[in-house]
Amino acid sequence: SDVYKRQGINAEYMGNCFFIKMVFFLIGAQKLSGNVKHSWDKIQQVLQAGPSGSGKMFNIEREKFRFGNLDILMIINDQLGKLDTVMENLLKRIEKQYFELDPNRKEMMIQTLGGNLTPHKFVQDFKWDDSKYPRNRQFIELVKILQLKTDEIEKLLRQGILNYQEIKVQASQYQKKDTGSLITKDLADVLKGKIVSQDDFLNTQYIQTLVAVVPKASVQQWTEQYEFLNDGVIPKSLKQFNIEDKDGFTLWRVCVFRPQAQDFITASRVKLKITVREFTYDPTALADKEAKIKELEFQSRSLSGKLQNTCEKCFGELYICLLYTSPSPRDS
(Lines give C-alpha, C1' and ligand atoms only; values in the text may rest on other atoms or scores of the structure.)
Protein backbone atom coordinates (compact mmCIF):
# COMPACT_ATOMS: atom_id res chain seq x y z
CA SER A 1 0.00 0.00 0.00
CA ASP A 2 2.86 2.42 0.84
CA VAL A 3 4.45 1.69 -2.53
CA TYR A 4 1.22 2.61 -4.32
CA LYS A 5 0.87 5.79 -2.27
CA ARG A 6 4.42 6.90 -3.04
CA GLN A 7 3.58 6.54 -6.73
CA GLY A 8 0.43 8.60 -6.30
CA ILE A 9 -1.85 5.65 -6.95
CA ASN A 10 -5.13 5.32 -5.05
CA ALA A 11 -5.27 1.69 -3.84
CA GLU A 12 -7.39 -0.24 -1.37
CA TYR A 13 -6.49 -3.51 0.38
CA MET A 14 -9.18 -6.19 0.12
CA GLY A 15 -8.57 -9.79 1.20
CA ASN A 16 -5.16 -10.77 -0.11
CA CYS A 17 -5.04 -8.27 -2.97
CA PHE A 18 -4.62 -4.56 -3.61
CA PHE A 19 -7.31 -3.12 -5.83
CA ILE A 20 -6.21 0.02 -7.63
CA LYS A 21 -8.95 2.62 -7.79
CA MET A 22 -9.21 4.26 -11.16
CA VAL A 23 -10.30 7.88 -11.31
CA PHE A 24 -11.94 9.50 -14.30
CA PHE A 25 -13.16 13.06 -14.71
CA LEU A 26 -15.97 14.38 -16.88
CA ILE A 27 -15.13 17.77 -18.27
CA GLY A 28 -17.75 20.12 -19.65
CA ALA A 29 -16.42 23.10 -21.61
CA GLN A 30 -17.77 25.70 -23.98
CA LYS A 31 -16.48 25.92 -27.52
CA LEU A 32 -13.51 28.22 -27.80
CA SER A 33 -14.09 30.60 -30.70
CA GLY A 34 -17.00 28.36 -31.67
CA ASN A 35 -14.63 25.56 -32.59
CA VAL A 36 -14.91 22.10 -31.00
CA LYS A 37 -11.43 21.01 -32.13
CA HIS A 38 -9.88 24.18 -30.69
CA SER A 39 -11.53 23.45 -27.32
CA TRP A 40 -10.41 19.81 -27.44
CA ASP A 41 -6.80 20.70 -28.20
CA LYS A 42 -6.72 23.31 -25.45
CA ILE A 43 -8.04 20.87 -22.80
CA GLN A 44 -5.48 18.27 -23.84
CA GLN A 45 -2.70 20.84 -23.62
CA VAL A 46 -3.71 21.87 -20.09
CA LEU A 47 -4.11 18.32 -18.82
CA GLN A 48 -0.87 17.04 -20.28
CA ALA A 49 1.01 19.81 -18.51
CA GLY A 50 -0.35 18.65 -15.13
CA PRO A 51 0.19 15.53 -12.94
CA SER A 52 -2.43 13.61 -14.95
CA GLY A 53 -0.63 14.22 -18.22
CA SER A 54 -0.45 10.53 -19.00
CA GLY A 55 -4.22 10.23 -18.93
CA LYS A 56 -6.26 9.50 -22.01
CA MET A 57 -9.10 11.71 -23.23
CA PHE A 58 -12.14 10.79 -25.24
CA ASN A 59 -14.95 12.91 -26.54
CA ILE A 60 -18.68 12.46 -26.01
CA GLU A 61 -20.64 14.27 -28.65
CA ARG A 62 -23.06 16.18 -26.50
CA GLU A 63 -24.66 17.90 -29.48
CA LYS A 64 -26.50 14.72 -30.44
CA PHE A 65 -28.46 14.53 -27.17
CA ARG A 66 -32.03 15.78 -26.97
CA PHE A 67 -32.29 16.98 -23.37
CA GLY A 68 -35.69 18.69 -23.51
CA ASN A 69 -36.87 21.68 -21.52
CA LEU A 70 -35.88 22.76 -17.99
CA ASP A 71 -38.72 20.84 -16.31
CA ILE A 72 -37.61 17.61 -17.98
CA LEU A 73 -33.99 18.28 -17.02
CA MET A 74 -35.02 18.66 -13.38
CA ILE A 75 -36.87 15.33 -13.51
CA ILE A 76 -33.90 13.64 -15.19
CA ASN A 77 -31.53 15.03 -12.57
CA ASP A 78 -33.59 13.49 -9.75
CA GLN A 79 -34.04 10.16 -11.54
CA LEU A 80 -30.35 9.80 -12.40
CA GLY A 81 -29.31 10.55 -8.83
CA LYS A 82 -31.46 7.69 -7.56
CA LEU A 83 -30.48 5.41 -10.44
CA ASP A 84 -26.77 5.97 -9.82
CA THR A 85 -27.16 4.88 -6.20
CA VAL A 86 -29.13 1.77 -7.18
CA MET A 87 -26.57 0.81 -9.83
CA GLU A 88 -23.54 1.30 -7.58
CA ASN A 89 -25.07 -0.74 -4.76
CA LEU A 90 -26.05 -3.48 -7.18
CA LEU A 91 -22.55 -3.56 -8.65
CA LYS A 92 -21.13 -4.05 -5.16
CA ARG A 93 -23.59 -6.92 -4.53
CA ILE A 94 -22.60 -8.60 -7.79
CA GLU A 95 -18.88 -8.21 -7.09
CA LYS A 96 -19.23 -9.52 -3.52
CA GLN A 97 -21.21 -12.57 -4.69
CA TYR A 98 -18.74 -13.25 -7.49
CA PHE A 99 -15.66 -13.29 -5.27
CA GLU A 100 -17.45 -15.40 -2.65
CA LEU A 101 -17.93 -18.04 -5.34
CA ASP A 102 -14.36 -17.79 -6.58
CA PRO A 103 -11.97 -15.96 -4.20
CA ASN A 104 -9.04 -16.68 -6.53
CA ARG A 105 -10.32 -14.35 -9.23
CA LYS A 106 -8.48 -11.02 -9.31
CA GLU A 107 -10.77 -8.72 -11.28
CA MET A 108 -14.19 -8.54 -12.83
CA MET A 109 -14.25 -8.25 -16.60
CA ILE A 110 -16.69 -6.60 -18.98
CA GLN A 111 -17.88 -8.74 -21.86
CA THR A 112 -17.98 -6.92 -25.18
CA LEU A 113 -18.27 -7.99 -28.80
CA GLY A 114 -14.55 -7.36 -29.15
CA GLY A 115 -13.66 -9.53 -26.16
CA ASN A 116 -13.37 -9.16 -22.40
CA LEU A 117 -12.11 -5.82 -21.12
CA THR A 118 -11.11 -4.60 -17.69
CA PRO A 119 -13.31 -1.78 -16.36
CA HIS A 120 -10.36 0.59 -16.73
CA LYS A 121 -9.83 -0.35 -20.39
CA PHE A 122 -13.53 -0.20 -21.12
CA VAL A 123 -13.83 3.34 -19.77
CA GLN A 124 -10.75 4.43 -21.70
CA ASP A 125 -12.13 3.07 -24.97
CA PHE A 126 -15.73 4.06 -24.32
CA LYS A 127 -17.79 5.07 -27.33
CA TRP A 128 -21.49 5.82 -27.18
CA ASP A 129 -23.52 3.02 -28.79
CA ASP A 130 -26.44 4.63 -30.55
CA SER A 131 -27.88 1.23 -31.48
CA LYS A 132 -28.57 0.55 -27.78
CA TYR A 133 -29.16 4.07 -26.52
CA PRO A 134 -29.99 6.30 -29.53
CA ARG A 135 -29.16 9.91 -28.79
CA ASN A 136 -31.77 11.13 -31.25
CA ARG A 137 -34.45 10.13 -28.73
CA GLN A 138 -35.46 12.30 -25.80
CA PHE A 139 -32.96 11.91 -22.94
CA ILE A 140 -35.75 11.08 -20.51
CA GLU A 141 -36.54 8.07 -22.70
CA LEU A 142 -32.92 6.92 -22.46
CA VAL A 143 -33.14 7.16 -18.67
CA LYS A 144 -36.22 4.92 -18.72
CA ILE A 145 -34.35 2.40 -20.87
CA LEU A 146 -31.50 2.38 -18.36
CA GLN A 147 -33.94 1.96 -15.45
CA LEU A 148 -35.62 -1.01 -17.14
CA LYS A 149 -32.24 -2.58 -17.91
CA THR A 150 -31.16 -2.17 -14.27
CA ASP A 151 -34.38 -3.81 -13.06
CA GLU A 152 -33.83 -6.68 -15.51
CA ILE A 153 -30.26 -7.22 -14.28
CA GLU A 154 -31.34 -7.13 -10.61
CA LYS A 155 -34.07 -9.70 -11.29
CA LEU A 156 -31.68 -12.00 -13.16
CA LEU A 157 -29.13 -11.82 -10.35
CA ARG A 158 -31.73 -12.37 -7.62
CA GLN A 159 -33.09 -15.48 -9.36
CA GLY A 160 -29.60 -16.92 -9.85
CA ILE A 161 -28.72 -16.40 -6.19
CA LEU A 162 -32.05 -17.88 -5.07
CA ASN A 163 -31.58 -21.04 -7.17
CA TYR A 164 -28.04 -21.50 -5.83
CA GLN A 165 -28.98 -20.90 -2.20
CA GLU A 166 -31.89 -23.37 -2.34
CA ILE A 167 -29.51 -26.17 -3.34
CA LYS A 168 -26.96 -25.07 -0.73
CA VAL A 169 -29.63 -25.20 1.98
CA GLN A 170 -30.71 -28.70 0.93
CA ALA A 171 -27.11 -29.90 0.93
CA SER A 172 -26.44 -28.37 4.35
CA GLN A 173 -29.53 -30.07 5.76
CA TYR A 174 -28.19 -33.45 4.67
CA GLN A 175 -24.76 -32.64 6.08
CA LYS A 176 -26.31 -31.53 9.37
CA LYS A 177 -27.96 -34.92 9.74
CA ASP A 178 -24.53 -36.52 9.56
CA THR A 179 -23.23 -34.60 12.56
CA GLY A 180 -24.10 -34.37 16.23
CA SER A 181 -24.92 -37.03 18.78
CA LEU A 182 -27.18 -40.05 18.41
CA ILE A 183 -30.04 -37.92 19.75
CA THR A 184 -30.16 -35.80 16.58
CA LYS A 185 -28.15 -37.75 14.00
CA ASP A 186 -29.84 -39.55 11.13
CA LEU A 187 -30.14 -43.11 12.43
CA ALA A 188 -29.98 -44.49 8.89
CA ASP A 189 -26.29 -43.51 8.90
CA VAL A 190 -25.48 -45.69 11.92
CA LEU A 191 -28.02 -48.52 11.86
CA LYS A 192 -26.62 -50.13 8.73
CA GLY A 193 -24.47 -52.90 7.34
CA LYS A 194 -23.29 -55.57 9.80
CA ILE A 195 -24.60 -53.67 12.82
CA VAL A 196 -28.28 -54.45 12.21
CA SER A 197 -30.46 -56.59 9.99
CA GLN A 198 -34.09 -56.61 8.94
CA ASP A 199 -34.86 -59.15 11.69
CA ASP A 200 -33.95 -56.59 14.36
CA PHE A 201 -36.97 -54.47 13.48
CA LEU A 202 -40.49 -55.76 13.87
CA ASN A 203 -43.09 -53.44 12.42
CA THR A 204 -46.60 -54.71 11.80
CA GLN A 205 -50.10 -53.36 12.04
CA TYR A 206 -50.00 -53.83 15.81
CA ILE A 207 -46.32 -53.76 16.78
CA GLN A 208 -43.73 -50.99 16.37
CA THR A 209 -39.99 -51.05 16.97
CA LEU A 210 -38.51 -47.98 18.65
CA VAL A 211 -34.88 -46.96 19.16
CA ALA A 212 -33.78 -45.60 22.55
CA VAL A 213 -30.75 -43.32 22.93
CA VAL A 214 -29.44 -44.19 26.38
CA PRO A 215 -26.54 -42.44 28.16
CA LYS A 216 -23.95 -44.96 29.28
CA ALA A 217 -24.46 -43.91 32.90
CA SER A 218 -28.20 -44.73 32.65
CA VAL A 219 -27.94 -48.17 31.06
CA GLN A 220 -28.64 -50.11 34.28
CA GLN A 221 -31.66 -47.98 35.16
CA TRP A 222 -32.96 -48.32 31.60
CA THR A 223 -32.64 -52.12 31.45
CA GLU A 224 -34.32 -52.52 34.83
CA GLN A 225 -37.25 -50.19 34.27
CA TYR A 226 -38.11 -50.07 30.53
CA GLU A 227 -40.72 -52.85 30.82
CA PHE A 228 -42.63 -50.90 33.47
CA LEU A 229 -42.90 -47.57 31.69
CA ASN A 230 -46.34 -48.50 30.30
CA ASP A 231 -48.50 -51.50 29.50
CA GLY A 232 -47.58 -51.53 25.81
CA VAL A 233 -44.01 -52.81 26.16
CA ILE A 234 -43.35 -56.28 24.79
CA PRO A 235 -41.30 -58.12 27.45
CA LYS A 236 -37.79 -59.30 26.58
CA SER A 237 -37.81 -57.23 23.36
CA LEU A 238 -34.85 -55.11 24.47
CA LYS A 239 -31.65 -55.39 22.45
CA GLN A 240 -28.50 -53.26 22.47
CA PHE A 241 -26.78 -52.38 19.22
CA ASN A 242 -22.99 -52.26 19.17
CA ILE A 243 -22.89 -48.46 18.82
CA GLU A 244 -21.61 -45.73 21.12
CA ASP A 245 -20.91 -42.14 20.13
CA LYS A 246 -18.26 -39.75 21.47
CA ASP A 247 -20.76 -38.33 23.99
CA GLY A 248 -21.31 -41.73 25.58
CA PHE A 249 -24.77 -42.43 24.12
CA THR A 250 -25.74 -46.02 23.27
CA LEU A 251 -28.54 -47.37 21.06
CA TRP A 252 -31.19 -49.91 22.09
CA ARG A 253 -34.11 -51.50 20.36
CA VAL A 254 -37.43 -52.04 22.11
CA CYS A 255 -40.75 -53.29 20.71
CA VAL A 256 -44.10 -51.91 21.85
CA PHE A 257 -47.70 -52.23 20.80
CA ARG A 258 -48.29 -49.52 18.21
CA PRO A 259 -51.20 -47.75 20.00
CA GLN A 260 -48.97 -47.24 23.10
CA ALA A 261 -45.84 -46.12 21.23
CA GLN A 262 -46.23 -42.39 21.86
CA ASP A 263 -47.01 -42.95 25.54
CA PHE A 264 -43.85 -45.02 25.86
CA ILE A 265 -41.77 -42.29 24.21
CA THR A 266 -43.19 -39.69 26.59
CA ALA A 267 -42.76 -41.86 29.68
CA SER A 268 -39.12 -42.59 28.80
CA ARG A 269 -38.39 -38.89 28.53
CA VAL A 270 -40.28 -37.83 31.67
CA LYS A 271 -39.39 -40.67 34.03
CA LEU A 272 -35.91 -41.71 32.88
CA LYS A 273 -34.67 -38.66 30.90
CA ILE A 274 -34.08 -40.95 27.94
CA THR A 275 -34.81 -40.06 24.31
CA VAL A 276 -36.72 -42.67 22.34
CA ARG A 277 -36.91 -42.22 18.57
CA GLU A 278 -39.15 -43.67 15.90
CA PHE A 279 -37.20 -45.37 13.15
CA THR A 280 -38.11 -47.42 10.09
CA TYR A 281 -35.33 -49.69 8.88
CA ASP A 282 -34.67 -49.51 5.14
CA PRO A 283 -31.57 -51.31 3.80
CA THR A 284 -31.55 -49.05 0.72
CA ALA A 285 -31.92 -45.77 2.64
CA LEU A 286 -28.18 -45.13 2.99
CA ALA A 287 -27.48 -45.75 -0.68
CA ASP A 288 -30.39 -43.47 -1.61
CA LYS A 289 -29.06 -40.77 0.68
CA GLU A 290 -25.53 -40.99 -0.71
CA ALA A 291 -26.94 -40.74 -4.23
CA LYS A 292 -28.97 -37.70 -3.20
CA ILE A 293 -25.91 -36.02 -1.67
CA LYS A 294 -23.91 -36.60 -4.86
CA GLU A 295 -26.78 -35.19 -6.89
CA LEU A 296 -26.95 -32.08 -4.68
CA GLU A 297 -23.18 -31.61 -4.88
CA PHE A 298 -23.35 -31.81 -8.68
CA GLN A 299 -26.26 -29.35 -8.79
CA SER A 300 -24.41 -27.03 -6.41
CA ARG A 301 -21.30 -26.99 -8.62
CA SER A 302 -23.41 -26.50 -11.71
CA LEU A 303 -25.42 -23.64 -10.22
CA SER A 304 -22.26 -22.09 -8.81
CA GLY A 305 -20.80 -21.98 -12.32
CA LYS A 306 -24.04 -20.57 -13.72
CA LEU A 307 -24.17 -17.93 -10.99
CA GLN A 308 -20.57 -16.93 -11.73
CA ASN A 309 -21.50 -16.50 -15.39
CA THR A 310 -24.59 -14.53 -14.36
CA CYS A 311 -22.46 -12.28 -12.14
CA GLU A 312 -20.01 -11.67 -14.99
CA LYS A 313 -22.82 -10.88 -17.41
CA CYS A 314 -24.73 -8.69 -14.94
CA PHE A 315 -21.60 -6.83 -13.83
CA GLY A 316 -20.61 -6.02 -17.40
CA GLU A 317 -24.08 -4.92 -18.49
CA LEU A 318 -24.66 -2.88 -15.36
CA TYR A 319 -21.24 -1.26 -15.53
CA ILE A 320 -22.02 -0.22 -19.09
CA CYS A 321 -25.37 1.19 -17.95
CA LEU A 322 -23.66 3.13 -15.16
CA LEU A 323 -21.24 4.63 -17.63
CA TYR A 324 -24.11 5.74 -19.84
CA THR A 325 -25.65 7.64 -16.94
CA SER A 326 -22.42 9.60 -16.42
CA PRO A 327 -22.46 11.93 -19.44
CA SER A 328 -25.82 13.34 -18.41
CA PRO A 329 -27.07 16.91 -18.48
CA ARG A 330 -26.48 17.26 -14.70
CA ASP A 331 -22.74 16.75 -15.33
CA SER A 332 -22.43 19.47 -17.92
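The values are calculated or read from the model by the stated rules, or taken from the named source; none is laboratory data. If you're wondering where the values come from, they're calculated on a predicted model, not measured in any experiment. Reconstructed Cβ throughout: ideal geometry from the backbone, glycine too, with neighbour counts over all protein chains shown. For the accessible areas, the whole protein counts, side chains as well, though only heavy atoms, and no ligand, DNA or RNA atoms are used. Shrake-Rupley method; radii C 1.70, N 1.55, O 1.52, S 1.80 Å.
Quick notes on this one:
- Pairs, first within 14 Å of ILE320 (Cβ to Cβ) and part of a loop (DSSP other than H, G, I, E, B) in region 113-137, second open to solvent by less than 60 Å² (accessible area, probe 1.4 Å) and of a type in the set (Val, Ile, Thr), C-beta under 7 Å, six or more apart: TRP128/ILE60; TYR133/ILE145
- Any hit, region 193-202, residues being touching a Ser or Thr at 6+ places or on another chain (Cβ under 6 Å) and either polar (S, T, N, Q) or closer than 18 Å to ILE265 by Cβ (or both): yes
- Evaluated against (1) without any contact (Cβ under 8 Å) to a residue 60 or more places away in the chain; (2) assigned to a helix (DSSP H, G or I), CYS255 falls short on exactly one condition, (2).
- Region 243-259 - residue that is more than 42 Å from the chain's Cα centre (by Cα) and open to solvent by 40 Å² or more (accessible area, probe 1.4 Å) and, of those, farthest from PHE201 (Cα to Cα): PRO259
- Of all residues assigned to region 184-205, at least one qualifies as being modelled with pLDDT of 90 or more, surrounded by 12 or more Cβ atoms within 10 Å (Cβ to Cβ) and of a type outside the set (A, V, I, L, M, F, W, C).
- Restricting GLN111, GLN147 to those that are modelled with pLDDT of 90 or more and either among the aliphatic types (A, V, I, L, M) or surrounded by 13 or more Cβ atoms within 10 Å (Cβ to Cβ) (or both) reduces the list to GLN147.
- Among (1) loosely packed, with under 15 Cβ neighbours inside 10 Å; (2) outside any loop (DSSP other than H, G, I, E, B), the one test that PRO235 misses: (2)
- Selection count, region 282-319, where residues are free of Cβ contacts under 8 Å to residues at least 60 places away in the same chain and farther than 12 Å from GLY160 by Cα: 9
- Total residues in region 270-313, condition open to solvent by less than 60 Å² (accessible area, probe 1.4 Å) and touching a Ser or Thr at 6+ places or on another chain (Cβ under 9 Å): 6
- Answer residue from region 216-232, given it is of a type in the set (A, V, I, L, M) and part of a helix (DSSP H, G or I) and is surrounded by the fewest Cβ atoms within 10 Å (Cβ to Cβ) among those: ALA217
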